[in-house]
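The values are calculated or read from the model by the stated rules, or taken from the named source; none is laboratory data. All of these numbers come straight from a predicted model, not from anything done at the bench. Positions of Cβ are backbone-derived with ideal geometry, glycine not excepted, and every protein chain shown enters the neighbour counts.
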Amino acid sequence: MAIAFGCLMARRPGEWIEIALFACGGYFLGQINVLNTLLLLQRCIDRMLIVPLFTFAGIVMGLFHNGSMAQFAVILLIARAMGNIAVFAGMKYGRVSVSSAVRYGVSGLKYSPMDVLAMVSEQAAGLIAAGSLPRTDLGQYGLCQQLLGAADTPGWAMVQSRYPELVRTPLALSRHLRQSLFRISFLVAALLLGVGAVLGRYVYNVPGFFAMMAFLALSIPSRYLTNFYDQLLRAAGCIRAGTQLATAKLVGGVFVFWMLVSALGLWGCILASVLISVALTFLYRQRALPIVNGRSLRLGGGQDGVRAGVE
């Protein structure tokens, strides 16, 4: 798939190799959520830093290597693989029967539609940008997305660390957790602005990079709340509502992103990212409010009551 993607997106001879190598890194990036969840369950939160540190080391080595882009991609790919292997090697393991593994897999399939739709909607933005923007603008957008993804990490980790408790007592925890996330999101947005200013001025030397990061920083509170509402719906077992929202995210997101990118280019990517984040927060909020407001008590209590109020 990585080779096919590289051949599809390449615009000059040999570029498909570079694209394919970078695309292969997606396999290891996709394992990060699983790794972090397992580390939370095993109470080894401090090990979450291992993968980012390996990735950062790979980037630094690639920058000082002064080789081709393909060589840089190989170095980064090896660094990501070593980071994941290091985390997996330090985990606790136990024996699981084949029947138990199959049963766990089947029980988790009910969540796959919303996960697949959410993943496709996130990847679609990059594909639209890759097909519409010049390579320079695409690189700048990629840098912005990398920083934005890093800014999402504190909020994601905070929600995941409380997820078991959120499953047991969603009504007792949801309001407090939402308020905490909202406050932290403003601190993270301020840090993102500072990092964007330093990197844009002294590292990347990209004119207008700070302005783009300033717009993207506006979406941090929305991104934190959207993730919170999404996890709250999952914890309450509202699978149908989550799937419907993921579908709306895919269809609406692709349309808005394509329309703005076609009209405004790089700045269309930035504005689309912000607008989509804000719109998703309102959509997810409407579905999750019955849980936050305790409507399940009026509908009979328990998670069945929550599902009735939401769906």
Taking the stated definitions as given, is GLN179 over 23 Å from THR247 (Cα atoms) and either without any contact (Cβ under 8 Å) to a residue 12 or more places away in the chain or exposed (fewer than 12 other Cβ atoms within 10 Å of the Cβ) (or both)? yes
Residues of segment 103-141 being surrounded by fewer than 13 Cβ atoms within 10 Å (Cβ to Cβ), touching a residue at least 24 places away in the same chain (Cβ under 8 Å) and either farther than 27 Å from GLU18 by Cβ or of a type in the set (Gly, Ala, Ser) (or both), in sequence order, are LYS110, GLY131
Among (1) under 13 Å from THR226 (Cβ atoms); (2) out of contact with any Gly (no Cβ under 6 Å at 6 or more places or on another chain); (3) at pLDDT 90 or above, where does ALA288 come up short? (3)
State all residues of segment 234-271 that are at pLDDT below 90 and either within 23 Å of SER180 (Cβ to Cβ) or of a type in the set (Phe, Trp, Tyr) (or both); if no residue qualifies, say none. ARG234, ALA235, ALA236, CYS238, GLY242
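Taking the condition buried (at least 16 other Cβ atoms within 10 Å of the Cβ), over 19 Å from the mean Cα position of the chain (by Cα) and within 24 Å of GLY108 (Cα to Cα), does ALA236 pass?
Numbers: buried (at least 16 other Cβ atoms within 10 Å of the Cβ): yes; over 19 Å from the mean Cα position of the chain (by Cα): yes; within 24 Å of GLY108 (Cα to Cα): yes.
Answer is yes for this residue.
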I want to confirm something. Restricting to segment 57-81 and keeping residues that are within 21 Å of the chain's Cα centre (by Cα) and surrounded by fewer than 18 Cβ atoms within 10 Å (Cβ to Cβ), which single residue is modelled with the highest pLDDT? ALA81
